[in-house]
1. Only residues that are among the charged types (D, E, K, R) and either surrounded by fewer than 18 Cβ atoms within 10 Å (Cβ to Cβ) or touching a His at 6+ places or on another chain (Cβ under 8 Å) (or both): list them for the stretch 163-196, please.
2. Specify the residue that is nearest to the chain's Cα centre (by Cα); the eligible residues are those in the stretch 318-344 that are farther than 15 Å from G259 by Cα and surrounded by fewer than 17 Cβ atoms within 10 Å (Cβ to Cβ).
3. Out of all the residues in the stretch 325-337, which are closer than 21 Å to F255 by Cβ and not charged (D, E, K, R)?
4. Quickly run through the stretch 270-308 and pick out the residues that are in a loop (DSSP other than H, G, I, E, B), buried (at least 23 other Cβ atoms within 10 Å of the Cβ) and more than 13 Å from the chain's Cα centre (by Cα).
5. Being surrounded by fewer than 17 Cβ atoms within 10 Å (Cβ to Cβ) and either within 13 Å of G186 (Cα to Cα) or not aliphatic (A, V, I, L, M) (or both) is the filter here; which residues of the stretch 217-240 pass it?
6. Mind checking which pairs have a first residue in the stretch 142-167 that is over 15 Å from D109 (Cβ atoms) and a second that is modelled with pLDDT of 95 or more and among the basic types (K, R), Cβ under 8 Å, 6 or more apart or different chains?
7. What is the number of the single condition among (1) of a type outside the set (F, W, Y); (2) touching a residue at least 24 places away in the same chain (Cβ under 8 Å); (3) touching a Phe, Trp or Tyr at 6+ places or on another chain (Cβ under 7 Å) that Q174 does not meet?
8. Which residue, of G227, G201, is closer than 26 Å to D140 by Cα, of a type in the set (G, A, S) and within 19 Å of the chain's Cα centre (by Cα)?
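The values are calculated or read from the model by the stated rules, or taken from the named source; none is laboratory data. On a predicted model such as this, the values are computed, not experimentally measured, just so you know. So basically every Cβ, Gly included, is an ideal-geometry build from the backbone, and we count neighbours across all protein chains shown.
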Amino acid sequence: MHFRLSALGVPLRHTQLRTIQHSAKVDNLHYHLHHLRQHSVEIMRAAFFWLTVSAGVGLAKPCEGGFWRDLAPIALTPRQEHVTVPLPPSSLAILGGIVPAGEIFNTTDIVQIYDIQKDAWRSAAPMPVPLNHANAASLDGKIYLLGGLAVAPDGAWRAIPDSWVYDVASSTWQAIEPMPSNEARGSAAVGVYNKTIFLAGGMTVLSVISGEQASVDTVSAFDTVSGRWLTLPAAATKIPGARDHAGGAVVGDSFFVLGGRDRGQANVRDTVFALDVKNLDAGWKTKVSKMPTARGGLAAAAVGAKVYTFGGEGNPAEGSSGVFNETEAYDTTSDSWAVLPPMKLPRHGTSATTIGGRIYIPGGGISIGGHPVDNVDVYELGR
């Protein structure tokens, strides 16, 4: 029996996604035929935001310096809907996601570590269960895996509260206190402040049968010292609007949630929410300046006082395959945006991490829904 996954735009066989039925050659031809047109659109968009200030929206500055560099592709298999975490001083890890298996996609438990100096990948101990859209962060030589979406008996991707910690040195997993069951979700925006991991928004279900996508506004916090989930002040427990597939980053004493979507790829958002983590009682604030390009499924990472956002899903432009190539930086000190050089390979369903002042982006999808790749690149900031 076959089903169509309207939420992702691809058919599904039981609990697995089926790839769009055309060859890589056709995909590549389609992409290149529209490349010049899409490039022109991006130039006009950058010029527009440079010259125009909309009501309530901060000025988007013209392109700053910065360039892209290709790295060794992900070993073993392409990946999408995985999570990326830094392992300072010179490594990163990717966990879970979906991977191609012939003509279908499987949710995976694969964990891989990339050595920046060697430009090489190695395998690590797999996650205790296969997950996509997992919530994870790294701290003090450990990776904290705090729930995510798992394939349920009914074929939907549903949230589980189970949580684990991975010790990098011993390559072992250990179960930790699960997320409160009423807060279980995947695809949350994640930020780390001191020894606390914050999760904001996310989704509880992505139904591969009906196309349902249930976004939430929930905020949670895990204390890595006590190993317990914290009780937050009421004002901090919800972001101003439901979001999933948003960008998240901590800069200074503030946790930022950027863009995202609400119940589907078409419902993209351009908001920036901020929480002062030293004054949780003050609650969440919506910043005046909005993202120049509303998008969900984006990747985000902070360097200094800026949060850099990359790609995303829900692009209606002809020839875009539903994917954004935008790179835009949010200056947290001035509440303003800058338009930067676009991604070499537009992607969604990936995540970014900062190591040594450079931003690494492994894998992702190159068309709306499912189409994972093994490409890895790094964004080098202008000096």
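1. Going residue by residue through the stretch 163-196, those that are among the charged types (D, E, K, R) are 167, 177, 183, 185, 195.
Result: D167, E177, K195.
2. Filtering the stretch 318-344 for residues that are farther than 15 Å from G259 by Cα and surrounded by fewer than 17 Cβ atoms within 10 Å (Cβ to Cβ), the one nearest to the chain's Cα centre (by Cα) comes out as K344.
3. As a first pass, look at the stretch 325-337 and keep what is closer than 21 Å to F255 by Cβ: 328-337.
Correct list: A329, Y330, T332, T333, S334, S336, W337.
4. Hits for the stretch 270-308 are M291, P292, T293.
5. D223, S226, G227, R228, T231, P233, P240, listed by residue number.
6. Sorted first by the residue in the stretch 142-167, then by its partner, the pairs are A152/R158; A159/R185; V165/K142; D167/K142.
7. Failing condition for Q174: (2).
8. Details: G227 fails: within 19 Å of the chain's Cα centre (by Cα).
The conditions single out G201.
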